[in-house]
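The values are calculated or read from the model by the stated rules, or taken from the named source; none is laboratory data. Computed from a predicted model, the values in this text were never measured in an experiment. Note: ideal-geometry Cβ built from the backbone for every residue, glycine included; neighbour counts use all protein chains shown. When the accessible area is computed, the model is the full protein with side chains, heavy atoms only, and any ligands, DNA or RNA have been set aside. Shrake-Rupley method; radii C 1.70, N 1.55, O 1.52, S 1.80 Å.
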Amino acid sequence: MNIAPYKFFGCRGFVLMYLSARIKEYPHHKLIGRAADDWEIGSPATGQFASVSAVVDYVCGLGGASTDRRSSFVAGMERIAAHERALLELMLEGTGEAPGLRHIKGITVKMDDPDLVQRDLIVGAEFDRMDVKTAAKELEKRGIVAFERSAESSYSNRMVREFDSEGVVRLSPLHVNTPAEITQFLRVAAEVAAL
């Protein structure tokens, strides 16, 4: 099991991994001179462990008081997942004050699935009137952080081409975002789509 804490507020470049006794014996890339079952690469800073501890404390706080820390963590993650699913629905269908991405003329939601339980709070969108780089820049000019995932990039190529696309704007709010912020984003997305 590989855990990349930076995906959840942690430090970049820090990865935790659990290996069974059997798996840790497999041949793998390692530093020269280290034991055959040594998988550690580099020396993580103490601050990285502290940041993971702070994230766990935060999630436990969202989960509510419990004598069992694991139960608090699980409850916190369930609350995060529920809020993110609600934000995703608002993003796709609209908020009552702004139409959702599925309903904005000039935007095509890619990699879409109607079952929101099967989705994370990440949306890939094409802007019909502009390429992915231009769309990401136009959103950024208006205060929206978005990332381009272009078929020109070796990082994104396989994924976007698999979905019959030359590139998407990757939109990934967080559970700390509010419905009001989603409304603000949708208004900006509609403005950019109309350019």
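Which entry in (i) 31, 25, 18; (ii) 36, 24, 15; (iii) 37, 18, 14 matches semi-axes √(5λ) of the Cα gyration tensor in Å derived from the coordinates of this structure? The listed entry that was calculated here is (ii). Mean residue ellipticity at 222 nm, helices only, the chain: -12500 deg cm²/dmol; runs of at least 4 DSSP H residues each add -39,500 (n - 2.57), and the sum is divided by the number of residues. Each peptide among 58-67, 33-42 gets the average number of other Cβ atoms lying within 10 Å of its residues, and from highest to lowest they stand as 58-67, 33-42. Treating r as the C-beta distance of Arg34 and Asp164 and R0 as 45 Å, the FRET efficiency rounds to 0.50.
If you roll a 1.4 angstrom probe over the protein chains with everything in place, what fraction of the accessible area of the chain belongs to carbon and sulfur, to the nearest %? Carbon with sulfur: 55 percent of the solvent-accessible area. The C-alpha atoms of the chain define a longest principal axis, and helix 46-63 lies at about 60 degrees to it. Once the 1.4 Å probe is applied to the protein heavy atoms, segment 52-142 comes out at 57 Å² accessible per residue.
Among 85-95, 106-116, sorting by the average number of other beta carbon atoms lying within 10 angstrom of each residue, highest first, gives 85-95, 106-116.
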